[in-house]
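Trainee: Can you read through this structure? Questions will come right after.
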Amino acid sequence: MFDRLIGNSEIKATLRRMIRNGRVPRSLLLAGPEGTGKREFAFELARAFICAAKIDGEGCGKCPACVRCDKFTFPAPDAKKEHFERVFLSEHTDVGTVIPCRNNILVDAIRGLEREANYRPYEAEARFFIIDDADKMNDAASNALLKTLEEPPPTSHIFVITSRPDSLLPTIRSRCQILRFAPVPAAEIADLLTSRRQISHSDADLIARLSAGSVGRGMSFDLERFRSHRELMLGVIRGVVGRERPDFLALLKLAESLSDAKFKDDYAERLDSLQSLIHDVWSIKLGRTPESIGNADISADLVVLSRALESKRLAGWLREIEDLREASVLNLNKKITSDALFLGMAG
């Protein structure tokens, strides 16, 4: 049942109304930030059709059909390309999905989806096919999907899921009914963390703030690891304020540690930490209360920094971090770009 999912109550009401009126679209686009439950909502909608013991028109979540709905067996991420050129059916044969191969959804997988969608249901009232991370389709895959959406099979539903709807073809967007998901309130994420992960209320509250409305991020958040990265990045900000001349040597050493190949898996997380700190300092500078920021547990330190920094300078740092992220996507040298960021902050 949708009650098992947190956040996006308006989406729940819309889906319930669709089910009640028998007007669930053949093509549905679920768009919104990462980790807001789009995939879970799609499976819950499918359960409303495959469940053998419905409750108020929704899946019970306990019968064999509901349990099998989202149980898949996928190949290893480094498996050969041909292993990803198909639709993966769950343990319930009326529910299928396609997954990316090395960050790309292949055209043959979408063609396989088209074939499967034209088969009549085996057990349920309809068949359901989920394309998660749909923005990873290349042009060929997008055009293949468009062909299916132009003539949707009468007994199948296709759910397109993405956090970047603008990257999809306009013609794909125009052929789907769009549901726009919003970030989940921090209070709801915190309640989920205390009940599921059995952590303290203070830690749950901090993680919820830092998760930026993403349930998925909150559930996988490593607070100890984050605090380690944050302390390192706090040193960067302290290194460029509160003194007549910044310690350029120390900043270059920090930049080297940020881009060190030994810590390549930490690079994005450390950059996230730096960005969240700067954003919070900027927010305090603009009048936001220290208790309401993401890094509220170190608000006293950030208040001190806010007194030493100008809003214009903080905004410039955030722009430089976004430029660095774009450079990372282009696989530019992390050492050079990190040096440029830290020295630019000191300038």
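Trainee: For the chain, what is the calculated [θ] at 222 nm in deg cm²/dmol (nearest 500), taking -39500 (n - 2.57) for each run of four or more DSSP H residues and dividing by its residue count? Walk me through the numbers on the way to the answer.
Mentor: Working: 15 runs with 177 residues, N = 347.
After summing the helix terms and dividing by the residues of the chain, the value is -16000 deg cm²/dmol.
Trainee: Using protein chains only and a probe of 1.4 angstrom, how many square angstrom of LEU210 are accessible, to the nearest 10?
Mentor: In the full protein context, LEU210 sits at about 30 Å².
Trainee: Cut-off 10 angstrom, C-alpha nodes, Gaussian network model of the chain. Which of PHE88, PHE72, PHE181 fluctuates the most?
Mentor: Greatest mean-square fluctuation among the candidates belongs to PHE72.
Trainee: Say R0 is 30 Å: what FRET efficiency, to the nearest 0.05, do GLN198 and ASN104 get from their beta-carbon distance? Could you put the intermediate results ahead of the total?
Mentor: Numbers: r = 38 Å, r/R0 = 1.28.
FRET efficiency, GLN198 to ASN104: 0.20.
Trainee: Give me the compactness ratio for region 128-180, meaning the Cα radius of gyration over 2.2 N^0.38 Å.
Mentor: 1.04
Trainee: Between Rg and the Kirkwood Rh of the chain, both from Cα atoms, what is the Rg to Rh ratio?
Mentor: 1.03
Trainee: How large is the charge dipole for the chain, taken about the Cα centre, if only the Cβ atoms of Lys, Arg (+1) and Asp, Glu (-1) carry charge, to the nearest 20 debye?
Mentor: 460 debye
Trainee: Another one. Mind running the shape call on region 101-227? Use the C-alpha gyration tensor, a ≥ b ≥ c as the square roots of the eigenvalues: rounded below 1.5 for a/c, prolate if a/b tops b/c, oblate otherwise.
Mentor: Prolate is the answer for region 101-227, as a/c is 1.5 or above and a/b outweighs b/c.
Trainee: Give me the accessible area of LYS80, 1.4 Å probe, in Å² rounded to the nearest 10.
Mentor: 130 Å²
Trainee: What is the sum of charges around ALA296, taking Lys and Arg as +1, Asp and Glu as -1, for the other residues whose C-beta is under 9 Å from the C-beta of ALA296?
Mentor: -3
Trainee: log₁₀ I(q)/I(0) of region 56-135 at q = 0.10, 0.12, 0.18 Å⁻¹, via Debye over equal Cα point scatterers, no solvent, to two decimals?
Mentor: The computed values of log10 I(q)/I(0) come out as -0.26, -0.37, -0.77.
Trainee: Could you report region 1-48's accessible area per residue, 1.4 Å probe, as an integer in Å²?
Mentor: Value returned for region 1-48: 42 Å² of accessible area per residue.
Trainee: Here is a further query. Considering every pair of different Cα atoms, what Kirkwood radius, in Å, is found for region 7-148?
Mentor: 15.9 Å
Trainee: Further question on the same structure: Kindly work out what percent of the DSSP beta bridges joining two residues of region 12-150 are antiparallel, to the nearest 5. Please list the in-between numbers first.
Mentor: Working: 4 of 9 bridges.
Close to 45 percent.
Trainee: Still on this structure: If R₀ is 41 angstrom, what is the calculated FRET efficiency for the pair ASP166 and CYS63, using the beta carbon separation as r and rounding to 0.05? Don't skip to the answer; put the middle values down first.
Mentor: On the way: r = 39 Å, r/R0 = 0.95.
After rounding to 0.05, the efficiency reads 0.60.
Trainee: Further question on the same structure: Note down the accessible area of MET18, probe 1.4 Å, to the nearest 10 Å².
Mentor: Using a 1.4 Å probe on the heavy atoms, I get roughly 20 Å².
Trainee: Around LEU193, what is the net charge, scoring Lys/Arg as +1 and Asp/Glu as -1 over all other residues with Cβ under 9 Å from its Cβ?
Mentor: Neighbour charge sum, excluding LEU193 itself: -1.
Trainee: Would you calculate the separation in nanometres between label points at ARG225 and TYR119, each defined as 7 Å from the Cα along the Cα-to-beta-carbon direction?
Mentor: Distance between the two pseudo-spin positions: 3.8 nm.
Trainee: Ok, one more. In Å and whole numbers, how far do the C-alpha atoms of region 1-68 stretch along each principal axis, longest first?
Mentor: If we take the Cα atoms of region 1-68, the spans are 32, 25, 20 Å.
Trainee: List, in the order given, every pair from LYS38/LYS80; LYS80/LYS147; LYS12/LYS71; LYS38/LYS62; LYS12/LYS38 whose Cα-Cα distance in the structure shown is over 19 Å.
Mentor: LYS38/LYS80; LYS80/LYS147; LYS12/LYS71; LYS38/LYS62
Trainee: Report, to the nearest whole %, how much of the accessible area of the chain belongs to carbon and sulfur atoms, 1.4 Å probe, protein only.
Mentor: 50 percent
The values are calculated or read from the model by the stated rules, or taken from the named source; none is laboratory data. Just so we're clear, the structure is a prediction, and the values are computed from it rather than from any experiment. A quick note on method: Cβ atoms are made from the backbone with ideal geometry, for glycine too, and the neighbour counts reach across all protein chains shown. For accessibility, only protein heavy atoms count, side chains too; no ligands or nucleic acids. Shrake-Rupley method; radii C 1.70, N 1.55, O 1.52, S 1.80 Å.
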